[in-house]
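Okay, so here's the structure we're looking at.
The values are calculated or read from the model by the stated rules, or taken from the named source; none is laboratory data. Keep in mind that this is a model prediction, so the values were computed, not measured. No Cβ is skipped: glycine too gets one built from the backbone with ideal geometry, and neighbour counts run over all protein chains shown. When the accessible area is computed, the model is the full protein with side chains, heavy atoms only, and any ligands, DNA or RNA have been set aside. Shrake-Rupley method; radii C 1.70, N 1.55, O 1.52, S 1.80 Å.
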Amino acid sequence: MEVVVVVLFLVPSVFSRLTARDYCVLGAGPGGLQIATFLKEAGRDYIVFERNQGPGSFFNSLPRHRKLISINKRFTGRANKEFNFRHDWNSLLSGDERLRFYHYSHDFFPHADDMVRYLQNFSSALNVHYGREIKNVRMKSDPEAWHGQYFVLEDQTGREDLCNVLLVATGLSLANQLRFPGEEYAEGYETISTDPSDFMGQSVLILGRGNSAFETADNILGSTNFIHMIGRSRVRLSWSTHYVGDLRAVNDGLLDTYQLKSLDGLLEGDLSDLALIRDDSGKLHVTHKLYLEKDMNPASNQSNHTMKSASMLLRDDLDNFAAREPYDRVIRCLGWKFDFSIFDKSVRLKPYSGLKRKYPSLKSNYETKHSQGLFVVGTAGHGMDFRKSAGGFIHGFRYTARAVHRVMENRYHNIPWPSTHYAMSQLLNVLLRRINEASGLYQMFEFLVDVILLGVDSTTFEYLEEVPVGTIPTVDKSTGRKVYDTGVFILVMEYGKNFSGADKDVFHYNRAIGDAKAAWRSNFLHPVIYYYRQLPSEQQMELRPKGWPLPRPDHIHHVVEDFLTDWTGPKSHMLPLRRFLENCLQKDLRTFYADSCFVFSLTHQNVPFFCQQSQGLKGKDDLRNSSNPLAFTMKMERDVQVETSYIHRNSKDEL
């Protein structure tokens, strides 16, 4: 009997075709969890890949000495939640009040373990796949993909996932390392001992002068012979530069011991010119690499940086070289950079140039410049505002992540940027509310702005919150909102142009401005309103004055700085702002009571603009309670005289 064996071959292209996700997020740190929260709330198809077994793995070991420098301000004296977010530097944006960070720590500078615990709870309801380390990202053409190409993500097991949109939230995961002779003798901040007793009686050289360098120095100040610190530029103090990534006061103990001549010291020099030499006793000596005599090994063609004689040190007449004493330890504290290695050339993800080269290069909407559908969120997106605003930290990138989500909602789902519509008579009130409570504008100053689009007949306006400033020329396309030729107001928070900086004395006398007439000279963070008759073009944005977030407007108004950051002064803040708006709009924006509006309607052909758009404010009972017609008529005539005089009055104390 003949047996026929039938072998079925499955066609891989049919049966093993990968299902594409709409959104993939790389990394379950604060940035990845924040964008995932917005995707979940919008009901989108998403997945988060995390190589470790829990969220926020950065905080498991870093910072090394476990104290965060992000402010946990529990009390402000205010009940306004939006205002309180201005001073809460650790909470991610969520509708769940239980996920405010002050429930997890009472410390002003919290312990890093508290952040780990917070992120674990925050991520509990999100679709995070742990233990999936993405080793390679490449592009694959497919007409069904949103952009004609899928992102193909391959993990450590060879498993692949397809994504229409890729959101990179991997942060800065690689330690910066410089190549110089003897670099192998330097220990990294990421692995250095945190036990001060391990440095007892030792002389230490620290490379770098950021917070990690000073944090390390503070930890061992009481155990060492001396600590020297070398960096390429002078110390930048955060209270001087207004940049939270610069040296914070909580870490600056070494500045005291240096300036009070207690053996410790700071040196300036280009670290790329450095050379380290180890002598026979294990001591490390510093010299310039140009003076280094290399003892080459012909077999290995490698340099042996072991000092044979004093001739290997600086060969000149300088006998008071600051670093002439040998060191027992050299510690590298040079910060972190983005890992580009997992991205295939097809992805075309490139770095910025110059000092920002540790960040991927982005467009103003946080999309990469050469690949559609590839966005960078979290710390890695800080290249947009490096050394300027707070985009590299939770209290900044929680807002930029929300902006990215709104861009994607408009582009991929035809859901325009959230906005509110008002009658023009409410413009002053709406601006004052945002000026006094908005947290995104406050933290991402000069990089997120509020946009007020005037209606087609200039009797209404549409208010858009926290729009990336670089997208202003194309705000209609990026937000899905109609822009008319009737004008636009833009609200932005700014510091004084020449106030802050490493070389500036920010504690000088008369540093604050109190006169509203000189508000343009305000130094501290304050609101600025730009008015354009037409939306600025991309060319105008590129040619804007140096240090300006926007091109020169048709009109500009600075709200004078306020010591309490409370811009509600009737004469100092509200009246000048109202007059500015009136001059731009050519409309009277004052408010009136209902009975006054009624009187105007009976006695004037042109009633005030506020009365045209509303029935007036409630509060007077004259019209309702008057039972005597003659008395009412006489009262109305008196009101007409008073109100008419009020309209034409131009006294300085007008409110």
Quiz item: Percent relative contact order of the stretch 161-287, based on C-alpha pairs within less than 8 angstrom and at least six residues apart?
Solution: 24
Practice problem: May I ask for the distance between the Cα centers of the stretch 416-448 and the stretch 350-374, given as a whole number of Å? | Solution: 28
Exercise. For the stretch 504-553, build the convex hull from the C-alpha positions and give me its volume per residue in Å³.
Key: 96
Quiz item: Using every alpha carbon pair in the stretch 194-272, what percent of pairs falls into each 10 Å bin from 0 up to the bin containing the largest distance?
Solution: 19, 53, 26, 2
Quiz item: Ranked highest first by average number of other Cβ atoms within 10 Å, how do 491-503, 226-238 line up?
Solution: 226-238, 491-503
Quiz item: Relative contact order (percent) for the stretch 391-545, with alpha-carbon contacts under 8 angstrom and 6 or more residues of separation?
Solution: 22
Quiz item: Which loop-located trypsin sites (Lys or Arg not before Pro) does the stretch 361-433 contain, where loop means any DSSP state but H, G, I, E or B and the Cβ has at most 15 other Cβ atoms within 10 Å?
Solution: Lys363, Lys369, Arg387
Self-check item: Sparse-neighbourhood loop sites, chymotrypsin sites (Phe, Trp or Tyr not before Pro) in the stretch 541-604 - DSSP loop, at most 10 other Cβ within 10 angstrom
Solution: Phe563
Exercise. For every other residue with a beta carbon closer than 13 angstrom to the beta carbon of Glu41, add +1 if it is Lys or Arg and -1 if Asp or Glu, then tell me the sum.
Key: +2
Quiz prompt | Asp279/Arg179 FRET efficiency (R0 25 Å; Cβ-Cβ; nearest 0.05) | solution = 0.65
Self-check item: Of Lys497/Lys571; Lys81/Lys587; Lys261/Lys497, pairs whose Cα-Cα distance is over 31 Å
Solution: Lys81/Lys587; Lys261/Lys497
Exercise. Determine the calculated [θ] at 222 nm for the chain from helices alone, applying -39500 (n - 2.57) to every DSSP H run no shorter than 4 residues and normalising by the residue count; nearest 500 deg cm²/dmol.
Key: -6500 deg cm²/dmol
Quiz item: In whole angstrom, how long is each semi-axis of the equivalent ellipsoid of the stretch 441-523, when you take the square root of 5 times every eigenvalue of its Cα gyration tensor and sort them from largest down?
Solution: 33, 16, 9
Quiz item: Cβ under 14 Å from Leu585's Cβ, Leu585 left aside: what net charge do those residues give with Lys, Arg +1 and Asp, Glu -1?
Solution: +1
Practice problem: Whole Å is fine, so just give me how far the alpha carbon centre of the stretch 60-91 lies from that of the stretch 111-187. | Solution: 26
Quiz item: Cα convex hull of the stretch 67-226: mean projected area in nm², to one decimal?
Solution: 15.4
Practice problem: Can you tell me which of 182-195, 80-93 comes out highest on packing, and rank the rest after it, using the mean Cβ neighbours within 10 Å? | Solution: 80-93, 182-195
Quiz item: For the chain, what proportion of DSSP beta bridges, expressed in % and rounded to the nearest 5, is antiparallel?
Solution: 60
Quiz prompt | Whole-number accessible area per residue in Å² for the stretch 326-370, which is evaluated in the context of all protein chains at 1.4 Å | solution = 47
Quiz item: How many Å³ per residue does the convex hull of the Cα positions in the chain occupy?
Solution: 260
Quiz item: Using a basic spin-label model with each label point 7 Å from the Cα along Cα→Cβ, how many nm lie between Phe75 and Asn320?
Solution: 5.2
Practice problem: Please sort 466-479, 414-427, 371-384 by packing, taking for each peptide the average over its residues of neighbouring beta carbons within 10 angstrom, highest first. | Solution: 371-384, 466-479, 414-427
Practice problem: Using only the alpha-carbon atoms of the stretch 325-365, report the extent along each of the three principal axes, biggest first, to the nearest angstrom. | Solution: 49, 22, 14
Self-check item: the stretch 387-392 - phi-based ³J(HN,Hα) in whole Hz, Karplus 6.51/-1.76/1.60, Gly and Pro as x
Solution: 6, 10, 10, 9, x, x
Quiz item: What does the charge count near Gly32 come to, summing +1 for each Lys or Arg and -1 for each Asp or Glu among other residues with Cβ under 13 Å from its Cβ?
Solution: +3
